[in-house]
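Please read the structure below before turning to the comments.
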Amino acid sequence: MKLYNTMSKKKEEFVPLEDGHVKMYVCGPTVYNFIHIGNARPMIVFDTVRRYFEYKGYDVNFVSNFTDVDDKIIKKAIEEGVTAGEISKRYIAECKKDMDGMNIKPATKNPLATEEIGGMVDMIQALIEKGYAYEKNGTVYYRTRRFKDYGKLSHKNLDDLRSGNRSLLVSGEDEKEDPLDFVLWKPKKEGEPAWKSPWGEGRPGWHIECSEMSKKYLGEQIDIHAGGEDLVFPHHENEIAQSEAANGKEFTKYWLHNGFLNIDNRKMSKSLGNFFTVREISEKYDLQVLRFFMLSAHYRSPLNFSADLMEAAKSGLERILTAADNLQFLLGNAKTETMTDGERDVFAKSQEFVDSFEKAMDDDFNTADAIAAVFDLVKYANTTANGESSEEYLQGIYDLIVKLTDVLGIVVEKKTELLDGDIDALIQERQNARKERNFARADEIRDELLAKGIILEDTREGVKWKRA
Ligand code: AMP
Ligand code: ZN
């Protein structure tokens, strides 16, 4: 299995640190709004990477953080007149709903920066003790000149960067020893959340969060660290400087970065205002279509979002779902149980599609070619399965389709519609939860029903419901 390592700029054979295990960290979003579909790209791509490792038999420890303290969160909180905690809590919950819709597997752990401050303070302290950091007026900076490998991931010319940055220094930063030095701890400003530290009250810089959370939940050395390509510099470069200086060993073996999701060939981003939220897309499409669209390109290539490509993804996906549906129908009506010898030969040939699927995924997760292999398998199913096929043959082919689409995070089983009786039972459970003042559970049930297209209406005569 080969993967492209940003560090070496080459495809390398994957060799885990520990046999049969993968330790993987993916930088998560800053939670101050609904996520946009650009943010969804790393989520979908690296969830697929995880799923493929699992398919290959690895046990994957998958950690992805939420950055829940940040200037943008504080700004939004001030605008709304609520606490920063309220903003981050709300958007973590919304983000998790979107992730669920995109069939992203829950991480082994989603650490929150605000719950890990103590560990970050310890790490900063260790860096100061080793001479890799210094404090000036309540701010702690990382001393980049001290770390001899600084720049090894981004392959940048540091002297150019230094002279460029010199003129860009913002006021108050002239206390830095070097323009490339970055903040590990910043002092409290009025009205901002703050924590105690040896350097006074304040909060951590963004980069130290990931170094600490990765170490705490995965250990000092990990197999894979991933995120969008805008994170290579400075975020990941700085994480390396922090972690390797503090721990005295190589931090990450393989660095994986996804290309941008563009719109009109420009990066989709909140600041440019050219974005669609995942929630908006979900009003028009099943989010499986979005997932399928993202995987139709190689994860390192730029991908342009357009209505045409979404429609193409929709019809491609439908072809697969229809084939699976047909097999289910045939299975329900099959006249014989076991495969004939002839069927056994035909079935053996289907292995060829599994081989091409694996070959594509083994080559740096080439999902575009993997999807082509699934289409070939579906075509094969359509031409070989019919009313005369045995149950064993139909089930065999169906299981193959499920096995491969599951790696892509696509669910082919028809979503079973809720029966009226089930709905009534859930409504009753919600009423009971409310009586016990368990409003969290009551809301959860309402959302669960909404996700299945059932809308509740609380009226004076009781709860009424309708299908959306
Ligand atoms: P942020 O909340 O901006 O820190 O972004 C969270 C993740 O989404 C990071 O891995 C970013 O690199 C990634 N990301 C943001 N915008 C895009 C985009 N337009 N295309 C692909 N990835 C993106
Ligand atoms: Zn990070």
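Just to be sure I understand, how many residues within the stretch 431-468 are exposed (fewer than 10 other Cβ atoms within 10 Å of the Cβ) and of a type in the set (Lys, Arg)?
Here the count works out to 4.
Which count do you get for residues in the stretch 244-262 that are touching a strand residue (DSSP E or B) at 6+ places or on another chain (Cβ under 8 Å) and within 16 Å of ligand 2 (Cβ to nearest atom)?
The total comes to 7.
Inside the stretch 195-229, can you point out the residues that are under 22 Å from the mean Cα position of the chain (by Cα) and among the basic types (Lys, Arg)?
215, 216
Report, ordered by the first and then the second residue, all pairs with beta carbons closer than 7 Å, sequence separation of six or more or different chains, a first member in the stretch 144-159 that is free of Cβ contacts under 8 Å to residues at least 24 places away in the same chain and in the same structural domain as residue 253 (by TED's automatic domain parsing), and a second member that is of a type in the set (Phe, Trp, Tyr) and in a loop (DSSP other than H, G, I, E, B).
158/150
May I ask you to list the residues in the stretch 1-50 that are in contact with a Pro (Cβ under 7 Å, 6 or more places away or on another chain) and near ligand 1 (Cβ under 9 Å from one of its atoms)? Working first, answer last.
Within the stretch 1-50, the first condition is being in contact with a Pro (Cβ under 7 Å, 6 or more places away or on another chain), and the residues that meet it are 22, 26, 35, 39.
Matches in the stretch 1-50: 26, 35, 39.
Can you find a residue that is within 16 Å of ligand 2 (Cβ to nearest atom), farther than 17 Å from residue 63 by Cβ and either touching a strand residue (DSSP E or B) at 6+ places or on another chain (Cβ under 9 Å) or open to solvent by 10 Å² or more (accessible area, probe 1.4 Å) (or both) anywhere in the stretch 193-202?
No, because not a single residue in the stretch 193-202 is within 16 Å of ligand 2 (Cβ to nearest atom), farther than 17 Å from residue 63 by Cβ and either touching a strand residue (DSSP E or B) at 6+ places or on another chain (Cβ under 9 Å) or open to solvent by 10 Å² or more (accessible area, probe 1.4 Å) (or both).
Among the numbered criteria (1) within 16 Å of ligand 2 (Cβ to nearest atom); (2) open to solvent by less than 20 Å² (accessible area, probe 1.4 Å); (3) within 26 Å of residue 302 (Cβ to Cβ), which one does residue 69 miss?
For residue 69, the exception is condition (3).
Looking at the stretch 357-371 only, could you name the residues that are among the acidic types (Asp, Glu), in a helix (DSSP H, G or I) and open to solvent by less than 70 Å² (accessible area, probe 1.4 Å)?
358, 362
Here is a list: 207, 235, 225. Which entry is in the same structural domain as residue 118 (by TED's automatic domain parsing), surrounded by 15 or more Cβ atoms within 10 Å (Cβ to Cβ), within 16 Å of ligand 1 (Cβ to nearest atom) and not in a helix (DSSP H, G or I)?
225
Which numbered condition trips up residue 70, out of (1) modelled with pLDDT of 95 or more; (2) more than 20 Å from residue 175 (Cα to Cα)?
With respect to (1) modelled with pLDDT of 95 or more; (2) more than 20 Å from residue 175 (Cα to Cα), residue 70 is out only on (1).
Among the residues of the stretch 99-113, write down those that are more than 26 Å from residue 202 (Cα to Cα) and in a helix (DSSP H, G or I).
Across the stretch 99-113, the qualifying residues are 99, 100, 101.
For residue 113, indicate whether it is crowded, with 19+ Cβ neighbours inside 10 Å and either free of Cβ contacts under 8 Å to residues at least 40 places away in the same chain or within 16 Å of ligand 2 (Cβ to nearest atom) (or both). Working first, answer last.
Numbers: crowded, with 19+ Cβ neighbours inside 10 Å: yes; either free of Cβ contacts under 8 Å to residues at least 40 places away in the same chain or within 16 Å of ligand 2 (Cβ to nearest atom) (or both): yes.
The answer is yes for residue 113.
Within the bounds of the stretch 343-356, is there any residue that is open to solvent by 10 Å² or more (accessible area, probe 1.4 Å), charged (D, E, K, R) and not in a helix (DSSP H, G or I)?
no
Quick check on my filter: what residues within the stretch 416-447 are at pLDDT below 85 and of a type outside the set (S, T, N, Q)?
417, 418, 419, 420, 421, 422
Against the definition (surrounded by fewer than 20 Cβ atoms within 10 Å (Cβ to Cβ), closer than 21 Å to residue 382 by Cβ and small (Gly, Ala, Ser)), how does residue 315 come out, yes or no?
It is true that residue 315 is surrounded by fewer than 20 Cβ atoms within 10 Å (Cβ to Cβ), closer than 21 Å to residue 382 by Cβ and small (Gly, Ala, Ser).
Just checking, which of 336, 405, 384 is of a type in the set (Ser, Thr, Tyr) and under 32 Å from the mean Cα position of the chain (by Cα)?
Of 336, 405, 384, the one residue that is of a type in the set (Ser, Thr, Tyr) and under 32 Å from the mean Cα position of the chain (by Cα) is 405.
Of all the strands (runs of 3 or more DSSP E) wholly in the stretch 1-98, which have at least 1 residues that are free of Cβ contacts under 8 Å to residues at least 12 places away in the same chain and among the basic types (Lys, Arg)?
Strands (runs of 3 or more DSSP E) meeting the threshold: 10-13.
Determine if the stretch 238-251 includes at least one residue that is assigned by TED's automatic domain parsing to the domain that holds residue 37 and under 17 Å from the mean Cα position of the chain (by Cα).
no
Taking the condition of being within 13 Å of ligand 1 (Cβ to nearest atom), open to solvent by less than 10 Å² (accessible area, probe 1.4 Å) and of a type in the set (Val, Ile, Thr), how many residues in the stretch 238-282 meet it?
1
The values are calculated or read from the model by the stated rules, or taken from the named source; none is laboratory data. Nothing here was measured: the structure is a model prediction, and the numbers come from that model. Cβ: placed from backbone, ideal geometry, glycine included. Neighbour counts: every protein chain shown. The protein model used for the area step is the full one, side chains on, heavy atoms only, and it has no ligands, DNA or RNA in it. Shrake-Rupley method; radii C 1.70, N 1.55, O 1.52, S 1.80 Å.
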